[in-house]
Structures are given as C-alpha cells and as structure tokens.
Amino acid sequence: MAALSRPARVSGRAPLPGEGDAIAALWRELWDAHEAWGGYPGTRDPRVYVQVARRIDEDARVRAGHPILGRHIHLVADLAGAPCGQVEGWFERHGVDPTTPFTCEVRSLIVTERARGLGAGRVLLDELASTARLLSSGHPCVLAAEVLDANPAVSFYRRLGYVPASFNSRVDSARGARQATGPTGARVALARDALPLAVLEATLAERRRAAGDIRFDRPRSVDATMVGAIAAHLGAGPGGPAGDASTLVALDASGVVRASAAFTTHTLEPPFLAMRRALVGRFAVDPACSPEPLVASLVALACRMALAQGAPLVELTDLPSPGTSLHEAALAARAEDWSSVVLKPA
C-alpha cells in the first residue's frame, strides 16, 4: 500500500536575508488584488519591486531572525522552507491614558494562491498577535485591520473573531467640493475654537466607546488643561488650507461651532503609484444638531483642500456603523462605503 502523504505544514517566522524577491512578489500580488477591489493602484514597474526586495533583504539582515524592528513587525508564512505569505504590524498606542490598549495595526496580509487553504493566514495573524503581546509587556493589546468591502477576506476575519469597530467611505474630491451645504459653513479651526473642540472631543470619545472601539482614550472631563492644550496645538498649526494637516470646524447659521473633523494628506509611497492621498476623520457632531448639513460642510471643505493639494479622492474615516445618522450623513455628502476596521484582542 502506498504511504499516505501528509499535507505540508505552514509556520510563521521572521523574513530571512535572500528572501526579498519572493516577498516583493507577494507584495505585487497583494497590490494587484487591492486595485481590483477598488484600492489605490500599485506600480507595474519591475524596477520598483527590485528596490523593494533589496530593502526587505536589508531589513532582514538588521532584524537578524527577529520579527520586531522598532515598532514594526514583519512575518512570513513558511511552506517547505520558502515564504508563501506575509503580514506586517505597526505597534502603537492611540492616546495618553495608560488604560488604553496598545494597537497592532495589521497591514499587507497576503497568502499566495498556491498556499491558500493551508491555514497560512491564520498562522500569520496568530503569530502577529503573539509578537504584539510580547511588545505590550503584559498590557492589553488589540489587533486592528482595515478591510476593503470588496475584499473576500471580510469573511475570513469574521471567522477568526474580528468584529467591526469603525467604517470608512470615499468621495471624489471634485464631486464633493461642488455639493451644496445650505446655511452651515466650515473653516479651518482657530485657537479661539478650543473650548467647543474640547467638548466635541468628549463626544467623539463617547461615540467610539459606545461602538466598541477600544483603541482610543475614554471620555474625560473638559478642563482648562485640555482647552489650553488644544488652543496651543491650533496656534502652532498651519493655520490655513495649505497645510498637510488641519482641524476643521463646521458652524451653524449663527456661526456657532457645532462639529469638527481632522484633515490630512500625504503622498503614497512605492509600490503604490505616487499620488496624493487625503483623509478626513475624527468626525464629532453636537448631539443636539442634525449631522447631515454639518458633515456636508466639513466634507465639502475637505474636498476643496484635497483638490488644492492634488488629491483626487478623500477618505472619510472613523465613521460609526451603517444606519447611524452620522454614517448616513457621510453618504449624503456624496461618499460611498469603502472599507471597515475590524478588531480582535491580541
């Protein structure tokens, strides 16, 4: 009787020098898939992936067999001695409260087609969780992954126990800039807006916690220290729409600040095609007001600022679940659902 062959087992480990080409090929497979799912396009230039491979090899030499380099974690799935998948993690804490969990942001998870069905994705995320727990030194830690709505991995994360915590949509900058905003208006925040911004910050923290998003600080009382810190931050900021990062406020017909959001832009790096990416998030709305006109004003301003900086799209991030008034206000501002952030304790 012929001996029964056992399926090859997959294990997780740090990348090794000389595996850069194989890992760069995984990245190219991932970016091609993301573009098909509506993500930002990646380059087809093979010279870029040669440079990526060299960087990965150099990182592997510095890591010396360890997955951690600073706050960055890099793991590969090993199948018969060669990489068949990879994942990255970025480790940080979103806030100043010592009770706020650390966050390990899951990035670039990919398993090559020939290895799917062998449990490589689960192995990578389990190994990432173990490494994140090591970095957190016994403090609570949560894994967070942004998943495009069209990505088949949505069901994979659900099976592993990840739950949605926030949602993102996206709007064409030119289209969003043209929308009517009614009697409300929006502008870049000034130091004199510090008090209403502090109150809105507490509203944002309450919304996040109510949605089960534990990555951020709990609500705290508004006091002079908080207001002073916000005023100092705004006073030191760019002070106008030409800057890369700004706090935006929306005002009612009487000129009272009723909502806020954070706007930022940056240039995507290889292997993405070089382009400006714009994000507007941290939406906080006075609960006594209807969010739709206020969000419309914030989005319209963000789109105008994005156009001025060459960003064709604006991502609306950190939204509550579909069906809530704030989420529906984002869609009314000509945005379309795009992705979600799912969480799981490490």
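The values are calculated or read from the model by the stated rules, or taken from the named source; none is laboratory data. Just so it is clear, the model here is predicted, and its values are computed rather than measured. In this analysis, Cβ positions are derived from the backbone assuming ideal geometry, glycine residues included, and neighbour counts consider all displayed protein chains.
For the structure I just gave you, tell me whether Leu313 is at pLDDT 95 or above, over 14 Å from Arg207 (Cα atoms) and under 18 Å from the mean Cα position of the chain (by Cα).
Considered against the rule, which asks whether it is at pLDDT 95 or above, over 14 Å from Arg207 (Cα atoms) and under 18 Å from the mean Cα position of the chain (by Cα), Leu313 comes out as yes.
Any residue in region 100-110 that is in a helix (DSSP H, G or I) and outside the structural domain of Ser321 (by TED's automatic domain parsing)? Before the answer, list the steps.
Of the residues in region 100-110, the ones in a helix (DSSP H, G or I) are none.
No, region 100-110 contains no residue that is in a helix (DSSP H, G or I) and outside the structural domain of Ser321 (by TED's automatic domain parsing).
Conditions (1) part of a loop (DSSP other than H, G, I, E, B); (2) touching a residue at least 60 places away in the same chain (Cβ under 8 Å); (3) buried (at least 16 other Cβ atoms within 10 Å of the Cβ); (4) not assigned by TED's automatic domain parsing to the domain that holds His266, marked per residue:
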site: Glu35; (1), (2), (3), (4): no, no, no, yes
site: Arg44; (1), (2), (3), (4): yes, no, no, yes
site: Val52; (1), (2), (3), (4): no, yes, yes, yes
site: Arg55; (1), (2), (3), (4): no, no, no, yes
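Does Asp78 satisfy the condition of being crowded, with 18+ Cβ neighbours inside 10 Å and in a helix (DSSP H, G or I)? Working first, answer last.
Working: crowded, with 18+ Cβ neighbours inside 10 Å: yes; in a helix (DSSP H, G or I): no.
So Asp78 fails the test.
Answer with yes or no whether Asp97 is at pLDDT below 95 and either surrounded by 13 or more Cβ atoms within 10 Å (Cβ to Cβ) or part of a loop (DSSP other than H, G, I, E, B) (or both).
Details: at pLDDT below 95: yes; either surrounded by 13 or more Cβ atoms within 10 Å (Cβ to Cβ) or part of a loop (DSSP other than H, G, I, E, B) (or both): yes.
Yes: the conditions hold for Asp97.
Does Ala180 meet the test of being surrounded by fewer than 16 Cβ atoms within 10 Å (Cβ to Cβ), out of contact with any Lys or Arg (no Cβ under 7 Å at 6 or more places or on another chain) and of a type outside the set (S, T, N, Q)? Quick ask: steps written out before the conclusion?
Working: surrounded by fewer than 16 Cβ atoms within 10 Å (Cβ to Cβ): yes; out of contact with any Lys or Arg (no Cβ under 7 Å at 6 or more places or on another chain): yes; of a type outside the set (S, T, N, Q): yes.
Judged against the criteria, Ala180 is a match.
Could you check region 163-258 for strands (runs of 3 or more DSSP E) lying wholly inside it with 1 or more residues that are charged (D, E, K, R)?
163-172, 185-188
Scan region 304-317 and give yes if some residue there is touching a Lys or Arg at 6+ places or on another chain (Cβ under 9 Å), part of a loop (DSSP other than H, G, I, E, B) and buried (at least 21 other Cβ atoms within 10 Å of the Cβ), otherwise no. Steps first, answer last, please.
Of the residues in region 304-317, the ones touching a Lys or Arg at 6+ places or on another chain (Cβ under 9 Å) are 306, 309-317.
If we keep only those that are part of a loop (DSSP other than H, G, I, E, B) too, we end up with 309-312.
Among the residues that remain, those that are also buried (at least 21 other Cβ atoms within 10 Å of the Cβ) are: 311.
For region 304-317, residues touching a Lys or Arg at 6+ places or on another chain (Cβ under 9 Å), part of a loop (DSSP other than H, G, I, E, B) and buried (at least 21 other Cβ atoms within 10 Å of the Cβ): present.
Where the second residue is in a helix (DSSP H, G or I) and among the aromatic types (Phe, Trp, Tyr) and the first is on the phi < 0 side of the Ramachandran plot and surrounded by 18 or more Cβ atoms within 10 Å (Cβ to Cβ) and lies in region 130-150, which pairs have Cβ atoms under 8 Å and are six or more apart or on separate chains?
Partner pairs satisfying both residue conditions: Ala145/Tyr157; Val147/Tyr157.
Looking at Leu279, Leu301, which one is surrounded by 20 or more Cβ atoms within 10 Å (Cβ to Cβ), closer than 20 Å to Ser166 by Cβ and of a type outside the set (D, E, K, R)? I'd like the intermediate steps shown before the answer.
Details: Leu301 fails: closer than 20 Å to Ser166 by Cβ.
Of Leu279, Leu301, the one residue that is surrounded by 20 or more Cβ atoms within 10 Å (Cβ to Cβ), closer than 20 Å to Ser166 by Cβ and of a type outside the set (D, E, K, R) is Leu279.
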